[in-house]
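Enquirer: Have a look at this one before I ask anything.
The values are calculated or read from the model by the stated rules, or taken from the named source; none is laboratory data. Bear in mind the structure is a predicted one, so any value in this text is a computation, not a measurement. Cβ placement follows ideal geometry from the backbone for every residue including glycine, while neighbour counts extend to all protein chains displayed. Heads up: the accessible areas ignore ligands, DNA and RNA and are worked out on the full protein's heavy atoms, side chains in. Shrake-Rupley method; radii C 1.70, N 1.55, O 1.52, S 1.80 Å.
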Amino acid sequence: MSLLEIENLSLKIGETPILRDVDLSIDAGEVMGLVGESGSGKSMTALTVMQLLPNAARTEGRVSFDGIDILAATEDRMCALRGDDIGMVFQEPMTALNPVKTIGEQVAEGIRWHTGASRADAEERARQILDRVGLPEKKFPMSRYPHQLSGGQRQRVVIAIACALKPKLLIADEPTTALDVVLQAQILELLRDLVDENRMGLLLISHDLAVVTQMADRITILRHGEVMEAGETAQTLSKQAHPYTRQLALASTHVPERRVLAHPFAGDRASLLEVQNISRFYPGQRLSMFHKAEPFRAVDDVSFSIAPGQSTALVGRSGCGKSTLARMILALDRPSGGEIRFMGETLTGRDEAALKPARRNMQVVFQDPYGSFNPRHKVERLVAEPLHLLEKQPSPAERREVVASALHEVGLRAEDMDKYPHEFSGGQRQRLSIARAIITRPKLVVADEPVSALDVSIRAQILDLFADLNGRLGVAYLFITHDLTVARAITDDVMIMHEGKIVERGPTGEVLDHPQSEATKALVAAAPDLHRAIARRLQEQG
Amino acid sequence: MTTYLLKRLAIGALTLVVASIVVFSVLEILPGDPARLMLGLNASEATVQVLREQMGLNQPILLRYLDWAGGLLTLDFGKSYTYSVPVIDLISERVVVSLPLAIMALLLSTAIAIPVGVFSAQRRGSTADTLSMGAAQIGVAIPNFWFALILIYIFAVWLRLVPAGGFPGWNAGLWPAFKALILPAVALALQQAAILARVTRSALLDVLGEDYIRTARAKGMPRNYVLWRHALRNAMIPLLTILGLQFAFLIAGTIIIENVFYLPGLGRLIFQAITQRDLIVVESVVMLLVATVIVVNFLVDLSYAIVDPRLRIRQ
Amino acid sequence: MTLPAAEFERETFGSFIAKAFANRSFVIGFVITSLIAGMALLSFFWTPYDVTKLIVADRMQPPSATHLFGTDQFGRDVLSMIMVGSRNSIAVALVAVGIGMGLGVPLGCWAAARGGFLDEAVMRFNDLVFAFPALLSAVMITAIFGPGAINAIIAIGIFNIPVFARVARAGALAIWPREFILAARAAGKGKALITVEHILPNIANLLLVQGTIQFALGILAEAGLSYLGLGAQPPMPSWGRMLFEAQTLMMVAPYLALFPGFAIVITVLGLNLLGDGVSDVLDPKLRRQR
């Protein structure tokens, strides 16, 4: 009998069906990957096993863990299981730890509760497990508070809490989604090792097919609360028997067709954007009344240029300064030093009125399709916002016409302009965002992680749209991303940023295939790649 | 931590200085002569001159401010015109009524509100929750002086358990004096307790929705354990803010309540001083109450630092 | 993955009304508030008796069919006095809210938009005003200018300024880092324009809720001040003053203390329920917790 068996599980929250007849099983020492797009019910499946569902949830079917009927278990029984036999790791490490308790307390608490160990014994065990997850006491005393640790370190603490009592089953719900690729690779390796050491079962929930392929022995694909396909990972993904599996796999590795610039570097003489020795320092933390720490160099002496129509990726780990650099280019943040020239005009140090012509030719697309729009305005007003930059304000009729044509460019209908943003899906909102960015026919669009909040199938469509606009309108992109697959798909050129500096630059394919700098090598090695992962799995199996 | 506290201390001190300037200016912006105002229109020119001299009104304004502010620091508030005694004597005589009253009310309201708030948050949506929050809603709406009247009617006039008003003084024995403060403290506490109970509940519900509560539950900690050990301490942060603000309301409340119960406290003193136009007393008592509010706010800042390590320890 | 955050959803006006009238707090609060407002309006045209006429023959009548709430020691009809008194309470509280919003909201928005030293200065100003509870400022103002309704308005209004400044600033600070603000800046819009177009519409619900709370507090503060004789002066009836006069007659005519007190409680309760209801309906974060 398997460690965890889910049979015909159905779940409703209020009147809304969330899961329908879900089957899933995990053996000891086995990694099960649960894959699906947002709203597919992945997290709810995990919370059902933990019995931490919202109050309005109603379940049907059978869930048995180690011979225990979970759906019928009392709350006391569940408390005894949670944290002892079943551990769970969550997506968002920044908020998963209690800010007013030390990490030592938080790890030891569960140990004391379940084993009745004395405070000293529990602390000793907490020390061991923290050491095991890569937080040795010498460098990370147990008296640290969560806010003194980085995101990756906090996720290690959460893993330590979940694995402190060597559970039989570990549930990891998108454990690396909030982390950059290098941290992701480290955390996945840690999970892998812990599973092997303790013969734990692991339920790994992810939206990322490549991550799951790397990790999972078997895979279950979920859509709209129903299991589409389940089976051995490499087999399932190489055969792609189910159309949805095929669709997911294709979307994950989608490369839009695009016109390739003949000579990416040829335009240096008439470059569109020129960045010279730009820096941005943030004042250091005050250490005491009279001492300040060294200023933090978010962007440190960066120079580069972009030719008209060129699509350039800016790639780096989180916190490397890529967003700060983008904001300075957009004149939303003032550089501490250096110069930015756009279409021959100097931007640095100009006042808002003098920036108008430049702003007209330089627009922006943000990551979060939900936060990018004022929820109280209609689409017409939202998309038309950059028209504020025109010398001559259009009449209402002209404005509607311009908005309609911009909506048409991004594949939306003119009628959509009378709706509010909440009436659109995430992918459609990102189209709106792009419509707003191109309405003044800019020469450069800065896109800050524009597809990383989207599901893979939507992501593929938006990438196509970016490629299409690049070809048709000749707009240049500065594409900020942490995802090398996206960089490969959409850009001619790539710049690798590391700790405020650009450490490598060149044609995208070349740089990513033959990385020179340590930072690039680390990124490339850590980046999950679906094809490589499947190939490796098949090879292992012979 | 020290930097944070030094900053808060500096802010408190600065506020105090500015407040003293504001209070002092009140005398200055008076239309006409403060001495004449205090003595009334029928006073003779000579009496007015004597008072002007006594109040130091013939000196330059800056000097008078420094003199006055310096006096405050050494607890020398000047001399009351109507009582002809140093203001500090009046204050120290009255503060032994007001301070115990305020503290009793604060303790009482906290002792009622926190358990009710926790109880309600635990049973969110239940009948018990609805009833206690409904009661709190009504409690917020009851003016303290009206509640005081009702209490007097029930417990003093009708049941004759406690005196209807007045204060025998602490010399009359601990119990009689305490007894005289019970109704006033209850009257003051009701509204504060109702507010605090509502804030406790909503602060707890906010915290209970946080990710780290789910982490604690996933660790196997039972619901009530999580509530007391994880949620309450985090909910303390908004609660402390409200407690600090409430103290200011409590001070204002004592002015009214002391008048309802004829208690010889600071509130009654300031009120009598107004009717007698004893501006020196008004000024001094206002300054004292403002200073108390500022000190309490500093104490609240201090307790933030104790509750929240993010303020205590730098990243 | 997480569901789309509901807090970005916008209510259309129609759906807001529909939701509001499905909310128990809102409905009760709305009915009570409308009744009180209606009563105040009615008192301009009609009251059961003339409150300025003293009819000694009718003094100290207990509640009866002719005098629903009885009469006071001068023979005035208590119901009529409560009706006229509501005008005073509402006017004082409303103008005080107006002062607080009119000065506090721009101050808070300005502080949030500019940040740095100016923000610090505004916050310190708030600390300063908070150190003077409304009643204390009223006492000081009365000490100089003598008692009156205007002084009550000023004292309560001043206290409202930092309250609204704080709410507006906190709300604005939460909106400023959002991406749609960056997009507006990339569209060349200045801080003032962004505040008007993007910040204010998104903090309006916070201000509305705070407005009802301060309105209720204003009614209570006004009652307290006029109880102490620092508010509206006779012959203008006010609820607080009626309670003060009733206190001495409590042994003989307890009903005199009952009805004005109920008037205050019901008005404040109605406003608070209305505020709760509006915030339930407008704030999806709280709604999710239900």
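Enquirer: Please state which one of A:L169, A:L130, A:L191 is more than 10 Å from every other protein chain (Cβ to nearest Cβ) and touching a helix residue (DSSP H, G or I) at 6+ places or on another chain (Cβ under 6 Å).
Expert: On the way: A:L169 fails: touching a helix residue (DSSP H, G or I) at 6+ places or on another chain (Cβ under 6 Å); A:L191 fails: touching a helix residue (DSSP H, G or I) at 6+ places or on another chain (Cβ under 6 Å).
Of A:L169, A:L130, A:L191, the one residue that is more than 10 Å from every other protein chain (Cβ to nearest Cβ) and touching a helix residue (DSSP H, G or I) at 6+ places or on another chain (Cβ under 6 Å) is A:L130.
Enquirer: When the residues of segment C:229-245 are filtered to those that are more than 18 Å from the chain's Cα centre (by Cα) and away from chain B (no Cβ under 11 Å), which remaining residue is nearest to B:Q137 (Cα to Cα)? Spell out how you get there, then give the answer.
Expert: So the first thing to find is which residues in segment C:229-245 are more than 18 Å from the chain's Cα centre (by Cα), and the list is C:229-230, C:233-237, C:241-245.
Going one step further and asking which of them are away from chain B (no Cβ under 11 Å), we end up with C:233-237, C:241, C:245.
Numbers: C:Q233: 31, C:P234: 32, C:P235: 33, C:M236: 30, C:P237: 27, C:R241: 24, C:E245: 27 Å.
Among those that are more than 18 Å from the chain's Cα centre (by Cα) and away from chain B (no Cβ under 11 Å), it is C:R241.
Yes or no, residue by residue, for (1) closer than 22 Å to A:V22 by Cβ; (2) of a type in the set (K, R):
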position	(1), (2)
A:T45	yes, no
A:R77	no, yes
A:I86	yes, no
A:N98	no, no
A:G104	no, no
A:W113	no, no
A:A120	no, no
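Enquirer: Same structure again: Quick check: anything in segment A:425-448 acidic (D, E), without any contact (Cβ under 8 Å) to a residue 24 or more places away in the chain and open to solvent by 10 Å² or more (accessible area, probe 1.4 Å)?
Expert: No: segment A:425-448 contains no residue that is acidic (D, E), without any contact (Cβ under 8 Å) to a residue 24 or more places away in the chain and open to solvent by 10 Å² or more (accessible area, probe 1.4 Å).
Enquirer: Which pairs do you get when a residue that is under 14 Å from A:A487 (Cβ atoms) and part of a helix (DSSP H, G or I), found in segment A:519-542, comes within reach of a residue that is open to solvent by less than 60 Å² (accessible area, probe 1.4 Å) and of a type in the set (D, E, K, R), reach meaning Cβ atoms under 7 angstrom, with the pair 6+ apart or on two chains?
Expert: A:T520/A:E504
Enquirer: Among the listed residues A:L325, A:L347, A:L355, identify the single one that is at the interface with chain C (Cβ under 9 Å from one of its Cβ atoms), on the phi < 0 side of the Ramachandran plot and surrounded by 16 or more Cβ atoms within 10 Å (Cβ to Cβ).
Expert: Working: A:L325 fails: at the interface with chain C (Cβ under 9 Å from one of its Cβ atoms); A:L347 fails: at the interface with chain C (Cβ under 9 Å from one of its Cβ atoms).
Of the residues listed, the single one that is at the interface with chain C (Cβ under 9 Å from one of its Cβ atoms), on the phi < 0 side of the Ramachandran plot and surrounded by 16 or more Cβ atoms within 10 Å (Cβ to Cβ) is A:L355.
Enquirer: Which members of segment B:162-198 meet the condition of being of a type in the set (V, I, T) and either closer than 18 Å to B:V95 by Cα or at pLDDT 85 or above (or both)?
Expert: B:I182, B:V186, B:I195
Enquirer: Same structure, new question: Go through (1) within 11 Å of chain A (Cβ to nearest Cβ); (2) without any contact (Cβ under 8 Å) to a residue 60 or more places away in the chain; (3) under 30 Å from C:L269 (Cβ atoms); (4) in contact with a Leu (Cβ under 8 Å, 6 or more places away or on another chain) one by one and return the number of the condition C:N205 breaks.
Expert: Condition (2) is where C:N205 drops out.
Enquirer: Is one or more of the residues making up segment A:86-95 in contact with a Cys (Cβ under 7 Å, 6 or more places away or on another chain) and at pLDDT 90 or above? Explain how you work it out, then say what you get.
Expert: Taking segment A:86-95 and keeping what is in contact with a Cys (Cβ under 7 Å, 6 or more places away or on another chain), we get A:87.
Next, only the ones that are at pLDDT 90 or above stay: A:87.
Scanning segment A:86-95 turns up at least one residue that is in contact with a Cys (Cβ under 7 Å, 6 or more places away or on another chain) and at pLDDT 90 or above.
Enquirer: Another question about this same structure. For segment C:203-223, which positions are surrounded by 20 or more Cβ atoms within 10 Å (Cβ to Cβ) and either more than 20 Å from the chain's Cα centre (by Cα) or among the polar types (S, T, N, Q) (or both)?
Expert: Of everything in segment C:203-223, those that are surrounded by 20 or more Cβ atoms within 10 Å (Cβ to Cβ) and either more than 20 Å from the chain's Cα centre (by Cα) or among the polar types (S, T, N, Q) (or both) turn out to be C:Q210, C:T212, C:Q214.
Enquirer: How about segment C:60-96: which of its residues are outside any loop (DSSP other than H, G, I, E, B) and in contact with a His (Cβ under 6 Å, 6 or more places away or on another chain)? So that I can check it myself, show each step before the final result.
Expert: Applying the first criterion (outside any loop (DSSP other than H, G, I, E, B)) to segment C:60-96 yields C:71, C:77-96.
Scanning segment C:60-96 gives a single hit, C:D77.
Enquirer: Would you confirm whether any residue within segment C:246-259 is closer than 19 Å to C:A91 by Cα, at pLDDT 85 or above and at the interface with chain B (Cβ under 8 Å from one of its Cβ atoms)?
Expert: Checked against the condition, which is being closer than 19 Å to C:A91 by Cα, at pLDDT 85 or above and at the interface with chain B (Cβ under 8 Å from one of its Cβ atoms), segment C:246-259 yields no hits at all.
Enquirer: Something else about it: Considering (1) farther than 30 Å from C:G270 by Cβ; (2) within 14 Å of chain A (Cβ to nearest Cβ); (3) open to solvent by 10 Å² or more (accessible area, probe 1.4 Å), say which one C:A186 fails and leave the rest.
Expert: Among (1) farther than 30 Å from C:G270 by Cβ; (2) within 14 Å of chain A (Cβ to nearest Cβ); (3) open to solvent by 10 Å² or more (accessible area, probe 1.4 Å), the lone unmet condition for C:A186 is (3).
Enquirer: Which members of segment A:133-152 meet the condition of being open to solvent by 10 Å² or more (accessible area, probe 1.4 Å) and free of Cβ contacts under 8 Å to residues at least 40 places away in the same chain?
Expert: Within segment A:133-152, A:P136, A:E137, A:K138, A:K139, A:F140, A:P141, A:Q148, A:S150 qualify.
Enquirer: Could you list all residues from segment B:296-315 that are within 14 Å of B:T241 (Cα to Cα) and within 14 Å of chain A (Cβ to nearest Cβ)?
Expert: Start the filter on segment B:296-315 by keeping residues that are within 14 Å of B:T241 (Cα to Cα), which leaves B:296-308.
Those that are within 14 Å of B:T241 (Cα to Cα) and within 14 Å of chain A (Cβ to nearest Cβ): B:S303, B:Y304, B:A305, B:I306, B:V307, B:D308.
Enquirer: For segment A:300-315, which residues satisfy the criterion of being of a type in the set (S, T, Y), open to solvent by 10 Å² or more (accessible area, probe 1.4 Å) and within 22 Å of A:G474 (Cα to Cα)? Full working, then the answer.
Expert: From segment A:300-315, those of a type in the set (S, T, Y) are A:303, A:305, A:311-312; that's our starting set.
When the remaining residues are screened for being open to solvent by 10 Å² or more (accessible area, probe 1.4 Å), the result is A:303, A:305.
Scanning segment A:300-315 gives a single hit, A:S305.
Enquirer: While we're here: Check segment B:230-247 and report whether any residue there is touching a His at 6+ places or on another chain (Cβ under 7 Å) and within 14 Å of chain A (Cβ to nearest Cβ). Walk me through it before giving the result.
Expert: From segment B:230-247, those touching a His at 6+ places or on another chain (Cβ under 7 Å) are none; that's our starting set.
Looking for residues that are touching a His at 6+ places or on another chain (Cβ under 7 Å) and within 14 Å of chain A (Cβ to nearest Cβ), one finds none in segment B:230-247, hence no.
Enquirer: When segment A:409-458 is examined, which residues are found to be more than 27 Å from A:L325 (Cα to Cα), within 12 Å of chain C (Cβ to nearest Cβ) and among the small types (G, A, S)?
Expert: If the condition is that a residue be more than 27 Å from A:L325 (Cα to Cα), within 12 Å of chain C (Cβ to nearest Cβ) and among the small types (G, A, S), then A:S425 is the only one that fits.
Enquirer: In this structure, is B:L188 among the hydrophobic types (A, V, I, L, M, F, W, C) and within 26 Å of B:A136 (Cα to Cα)?
Expert: On the way: among the hydrophobic types (A, V, I, L, M, F, W, C): yes; within 26 Å of B:A136 (Cα to Cα): yes.
Yes; evaluated as a whole, the condition is true for this residue.
Enquirer: Does A:K521 satisfy being modelled with pLDDT of 90 or more, under 21 Å from the mean Cα position of the chain (by Cα) and surrounded by fewer than 22 Cβ atoms within 10 Å (Cβ to Cβ)?
Expert: On the way: modelled with pLDDT of 90 or more: yes; under 21 Å from the mean Cα position of the chain (by Cα): yes; surrounded by fewer than 22 Cβ atoms within 10 Å (Cβ to Cβ): yes.
It is true that A:K521 is modelled with pLDDT of 90 or more, under 21 Å from the mean Cα position of the chain (by Cα) and surrounded by fewer than 22 Cβ atoms within 10 Å (Cβ to Cβ).
Enquirer: I would also like to ask the following. Could you list, in sequence order, all residues of segment A:381-393 that are within 14 Å of chain C (Cβ to nearest Cβ) and open to solvent by 30 Å² or more (accessible area, probe 1.4 Å)?
Expert: Going residue by residue through segment A:381-393, those that are within 14 Å of chain C (Cβ to nearest Cβ) are A:381-391, A:393.
Those that are within 14 Å of chain C (Cβ to nearest Cβ) and open to solvent by 30 Å² or more (accessible area, probe 1.4 Å): A:R381, A:H388, A:L390, A:E391, A:Q393.
Enquirer: Further question on the same structure: Being touching a Gly at 6+ places or on another chain (Cβ under 8 Å), part of a helix (DSSP H, G or I) and open to solvent by 40 Å² or more (accessible area, probe 1.4 Å) is the filter here, so list the residues in segment A:50-106 that pass it.
Expert: A:L71, A:A80
Enquirer: Residues B:V282, B:V293, B:V260, B:V286: which one is within 10 Å of another protein chain (Cβ to nearest Cβ), under 29 Å from C:M250 (Cβ atoms) and touching a helix residue (DSSP H, G or I) at 6+ places or on another chain (Cβ under 6 Å)? Talk me through it step by step, then tell me what you get.
Expert: Values: B:V282 fails: under 29 Å from C:M250 (Cβ atoms); B:V293 fails: under 29 Å from C:M250 (Cβ atoms); B:V286 fails: under 29 Å from C:M250 (Cβ atoms).
Step by step, each of B:V282, B:V293, B:V260, B:V286 is checked, and only B:V260 is within 10 Å of another protein chain (Cβ to nearest Cβ), under 29 Å from C:M250 (Cβ atoms) and touching a helix residue (DSSP H, G or I) at 6+ places or on another chain (Cβ under 6 Å).
Enquirer: Among the residues of segment C:273-283, is there at least one that is at pLDDT 90 or above and either in contact with a helix residue (DSSP H, G or I) (Cβ under 8 Å, 6 or more places away or on another chain) or away from chain B (no Cβ under 12 Å) (or both)?
Expert: Restricting attention to segment C:273-283, the residues satisfying the condition of being at pLDDT 90 or above are C:273-274.
Applying the additional criterion that residues be either in contact with a helix residue (DSSP H, G or I) (Cβ under 8 Å, 6 or more places away or on another chain) or away from chain B (no Cβ under 12 Å) (or both) yields C:273-274.
Yes: one or more hits.
Enquirer: Something else: Say we look at segment A:358-371 and pick out the residues that are touching a residue at least 12 places away in the same chain (Cβ under 8 Å) and assigned to a loop (DSSP other than H, G, I, E, B); which of these is farthest from the other protein chains (Cβ to nearest Cβ)? Before you say what the answer is, go through the steps one by one.
Expert: Residues of segment A:358-371 that are touching a residue at least 12 places away in the same chain (Cβ under 8 Å), as a first pass: A:358-370.
Still in the running and assigned to a loop (DSSP other than H, G, I, E, B): A:361, A:366-370.
Values: A:N361: 11, A:F366: 4, A:Q367: 7, A:D368: 6, A:P369: 9, A:Y370: 5 Å.
Only one residue fits best here, namely A:N361.
Enquirer: Would you be able to say whether some residue in segment C:224-240 is open to solvent by 20 Å² or more (accessible area, probe 1.4 Å), touching a helix residue (DSSP H, G or I) at 6+ places or on another chain (Cβ under 8 Å) and closer than 16 Å to B:F147 by Cα?
Expert: no
Enquirer: Tell me yes or no: at least one residue of segment C:145-154 is away from chain B (no Cβ under 14 Å), free of Cβ contacts under 8 Å to residues at least 12 places away in the same chain, open to solvent by 50 Å² or more (accessible area, probe 1.4 Å) and farther than 19 Å from C:L225 by Cβ. Spell out the reasoning first.
Expert: Within segment C:145-154, the subset away from chain B (no Cβ under 14 Å) is C:149-150, C:153.
Within this subset, residues satisfying the condition of being free of Cβ contacts under 8 Å to residues at least 12 places away in the same chain are C:150.
Filter once more, keeping what is open to solvent by 50 Å² or more (accessible area, probe 1.4 Å): C:150.
Adding the requirement that they be farther than 19 Å from C:L225 by Cβ leaves none.
For segment C:145-154, residues away from chain B (no Cβ under 14 Å), free of Cβ contacts under 8 Å to residues at least 12 places away in the same chain, open to solvent by 50 Å² or more (accessible area, probe 1.4 Å) and farther than 19 Å from C:L225 by Cβ: absent.
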